[in-house]
């Protein structure tokens with residue numbers, strides 16, 4: 001009889017623990033749903049052959065911001081994800097694993113899953129028409145021939161979303177655009193990009209705390225040599 005009673009108590013305690021964990025998880029999930037959330041997506045291609053290439057500047061920015069915030073990316077559906085809090089907001093960082101040409105699949109999945117408002121997700125992307133050290137935050141725009149942006153527009157059926165274009169330079173001869181964009185940084189170029197990457201990380205924090213319009217006013221008028229505000 002005592003043995004049977006003890007077994008019942010053990011079973012009851014396991015059930016209690018299970019439902020307690022389930023309840024806590026539900027409460028935490030609802031808390032997140034009611035908090036202001038942002039999703040920052042850095043575009044790039046996965047794989048060792050694409051590391052340190054100009055086309056992957058979006059990944060580089062995500063990695064730099066993650067290091068600054070002492071974060072670790074975890075592999076998940078359609079990409080690697082991490083998160084941190086900044087001034088009461090939850091900031092998600094995403095590096096899609098779909099390759100550049102299918103970036104829209106990852107963006108759509110995570111925007112819907114995390115329930116991110118249209119104005120609260122930002123695409124970070126390379127721009128060969130800008131000199132190194134130049135970047136621009138935009139409310140909307142065309143893909144400009146960029147396959148990652150084109151995929152997002154095709155799958156989400158919109159071009160009205162914030163995007164941050166980061167200059168990777170255009171030191172290539174006619175017909176060599178693809179080779180240049182997919183090529184690796186020279187030492188001098190990569191060294192020159194370091195202040196820009198840090199400044200872009202500050203821009204992202206500003207975007208999540210003071211909004212798109214004010215961040216555009218703060219950063220779009222700067223020159224590469226401007227001091228930080």
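The values are calculated or read from the model by the stated rules, or taken from the named source; none is laboratory data. The structure presented is a predicted model; accordingly, all values stated were derived computationally and were not measured. Using ideal geometry, Cβ is built from the backbone for each residue, glycine included, and neighbour counts are taken over all protein chains shown.
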Index of the failed condition, residue 195 passing every other in (1) in a loop (DSSP other than H, G, I, E, B); (2) under 22 Å from the mean Cα position of the chain (by Cα): (1)
Residues of the range 66-80 classified as in a helix (DSSP H, G or I) and out of contact with any helix residue (DSSP H, G or I) (no Cβ under 7 Å at 6 or more places or on another chain), total: 2
Test: residue in the range 91-114 that is in contact with a helix residue (DSSP H, G or I) (Cβ under 7 Å, 6 or more places away or on another chain), surrounded by fewer than 15 Cβ atoms within 10 Å (Cβ to Cβ) and touching a residue at least 60 places away in the same chain (Cβ under 8 Å): no
Some residue of the range 47-59 being more than 28 Å from residue 173 (Cβ to Cβ), more than 11 Å from the chain's Cα centre (by Cα) and surrounded by 15 or more Cβ atoms within 10 Å (Cβ to Cβ): no
Index of the failed condition, residue 63 passing every other in (1) assigned to a strand (DSSP E or B); (2) surrounded by 13 or more Cβ atoms within 10 Å (Cβ to Cβ): (1)
Residue 203 being under 24 Å from residue 99 (Cα atoms), at pLDDT 95 or above, assigned by TED's automatic domain parsing to the domain that holds residue 126 and within 18 Å of the chain's Cα centre (by Cα): no
Residue within the range 138-151 that is surrounded by fewer than 18 Cβ atoms within 10 Å (Cβ to Cβ), out of contact with any strand residue (DSSP E or B) (no Cβ under 7 Å at 6 or more places or on another chain) and part of a helix (DSSP H, G or I) present: yes
Selection status of residue 184, surrounded by fewer than 21 Cβ atoms within 10 Å (Cβ to Cβ) and touching a strand residue (DSSP E or B) at 6+ places or on another chain (Cβ under 6 Å): yes
Restricting the range 26-45 to residues that are over 25 Å from residue 191 (Cβ atoms) and at pLDDT 95 or above, the residue that is surrounded by the most Cβ atoms within 10 Å (Cβ to Cβ): 41
Sole residue being touching a residue at least 40 places away in the same chain (Cβ under 8 Å) and under 17 Å from residue 46 (Cα atoms), chosen from 134, 124: 124
Any chance residue 82 is under 16 Å from residue 201 (Cα atoms) and either surrounded by fewer than 20 Cβ atoms within 10 Å (Cβ to Cβ) or more than 14 Å from the chain's Cα centre (by Cα) (or both): yes
Residue tally, condition without any contact (Cβ under 8 Å) to a residue 60 or more places away in the chain and in a helix (DSSP H, G or I), over the range 42-55: 2
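Listed here are the residues, each with its yes/no results for (1) modelled with pLDDT under 95; (2) touching a helix residue (DSSP H, G or I) at 6+ places or on another chain (Cβ under 7 Å); (3) more than 25 Å from residue 217 (Cβ to Cβ).
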| residue | (1), (2), (3) |
| --- | --- |
| 126 | no, yes, no |
| 138 | no, no, no |
| 149 | no, no, no |
| 153 | no, no, yes |
| 166 | no, yes, no |
| 170 | yes, no, yes |
| 178 | yes, no, yes |
